[in-house]
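*Asks:* First, the structure itself, so that you have it in front of you.
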Amino acid sequence: MNDDDKAAQTPLAIIGIGCLFPKAGGLKEYWSNIKERVDGITEVPPSHWSPEDYHDADPKSPDRTYGRRGGFLSPVDFDPPEFGVSPNNIPATDPAQLLGLVVAQAAMRDAGYGPERAFDRAKVSVILGVTGTLELAIPLGARLGHPVWRRALREAGIAGERAEAVIRRIADS
């Protein structure tokens, strides 16, 4: 019997589910949205970014998106001490990790485990990992700032090709 066959025969029990989806802050809303055929894809909320800064109908346009809609999570309350996280560490923590903690907590509660029920914590673990390649993430983050730079330069009286030259010089550095 090979490893794949052994893995296929290993019993698995899903005892709790937690989730966050667009227009669904939890499991009940998620299933309700499925049953009610709710479309979670919306226009870009004003709190996220300005489509005018990043939209271009040409899918090959660099550093632009040709879509004007997407799936966006509603704001999620996060109480750092509840998760044993120092509030001072929040600015340096990837939001995906914090959302992962919220979802893991929801899965545990869905399974019947929470502050009101004692359980052997030595037999339970949640491992969260998020990684990215800084070689790609840092330049991408800088390019996403180009509309902000463009606007600031225009407000300072520098526009057109001169502003574009400044942006290229900053980006190239």
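Let's see how each residue does on (1) touching a His at 6+ places or on another chain (Cβ under 6 Å); (2) within 21 Å of L20 (Cβ to Cβ); (3) without any contact (Cβ under 8 Å) to a residue 24 or more places away in the chain; (4) open to solvent by less than 50 Å² (accessible area, probe 1.4 Å):
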site	(1), (2), (3), (4)
H48	no, yes, no, no
E52	no, no, yes, no
D58	no, no, yes, no
S74	no, yes, no, no
D77	no, yes, yes, no
N88	no, no, yes, no
A92	no, no, yes, no
A104	no, yes, no, yes
G112	no, yes, no, yes
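*Asks:* For the range 56-72, give me each residue that is at pLDDT below 90 and either within 18 Å of the chain's Cα centre (by Cα) or not in a loop (DSSP other than H, G, I, E, B) (or both).
*Replies:* T65, G67, R68
*Asks:* Please state which of the following conditions P75 fails to meet, knowing it meets all the rest: (1) part of a loop (DSSP other than H, G, I, E, B); (2) at pLDDT below 90.
*Replies:* Here P75 meets the rest and fails (2).
*Asks:* Could you go through the range 85-98 and let me know if any residue there is more than 28 Å from P51 (Cβ to Cβ), part of a loop (DSSP other than H, G, I, E, B) and at pLDDT 90 or above.
*Replies:* yes
*Asks:* Run down Q97, Q105 and say which single residue is farther than 30 Å from H146 by Cα and among the polar types (S, T, N, Q). Full working, then the answer.
*Replies:* Values: Q97 fails: farther than 30 Å from H146 by Cα.
Result: Q105 is the single residue among Q97, Q105 that is farther than 30 Å from H146 by Cα and among the polar types (S, T, N, Q).
*Asks:* Kindly indicate whether G129 is at pLDDT below 80, part of a loop (DSSP other than H, G, I, E, B) and either in contact with a Pro (Cβ under 7 Å, 6 or more places away or on another chain) or not polar (S, T, N, Q) (or both).
*Replies:* Considered against the rule, which asks whether it is at pLDDT below 80, part of a loop (DSSP other than H, G, I, E, B) and either in contact with a Pro (Cβ under 7 Å, 6 or more places away or on another chain) or not polar (S, T, N, Q) (or both), G129 comes out as yes.
*Asks:* Within the range 63-72, how many residues turn out to be without any contact (Cβ under 8 Å) to a residue 24 or more places away in the chain and within 21 Å of C19 (Cα to Cα)?
*Replies:* The number of residues fulfilling the criteria is 0.
*Asks:* Might you check whether a residue that is polar (S, T, N, Q) and closer than 24 Å to G141 by Cα occurs anywhere in the range 65-82? Working first, answer last.
*Replies:* Initially, the range 65-82 is screened for residues polar (S, T, N, Q), giving 65, 74.
Restricting the remaining residues to those that are closer than 24 Å to G141 by Cα gives 65, 74.
Scanning the range 65-82 turns up at least one residue that is polar (S, T, N, Q) and closer than 24 Å to G141 by Cα.
*Asks:* Go through the range 19-37 and report how many residues are part of a loop (DSSP other than H, G, I, E, B) and either exposed (fewer than 14 other Cβ atoms within 10 Å of the Cβ) or modelled with pLDDT under 90 (or both).
*Replies:* Filtering the range 19-37 down to residues part of a loop (DSSP other than H, G, I, E, B) leaves 19-20, 22-23, 25-26, 36-37.
With either exposed (fewer than 14 other Cβ atoms within 10 Å of the Cβ) or modelled with pLDDT under 90 (or both) added as a condition, the list becomes 36-37.
Residues in the range 19-37 being part of a loop (DSSP other than H, G, I, E, B) and either exposed (fewer than 14 other Cβ atoms within 10 Å of the Cβ) or modelled with pLDDT under 90 (or both): 2 in total.
The values are calculated or read from the model by the stated rules, or taken from the named source; none is laboratory data. Values in this document were obtained by computation on a predicted structure and should not be read as measured data. In this analysis, Cβ positions are derived from the backbone assuming ideal geometry, glycine residues included, and neighbour counts consider all displayed protein chains. What goes into the accessible areas is simple: the full protein's heavy atoms, side chains included, and nothing from ligands, DNA or RNA. Shrake-Rupley method; radii C 1.70, N 1.55, O 1.52, S 1.80 Å.
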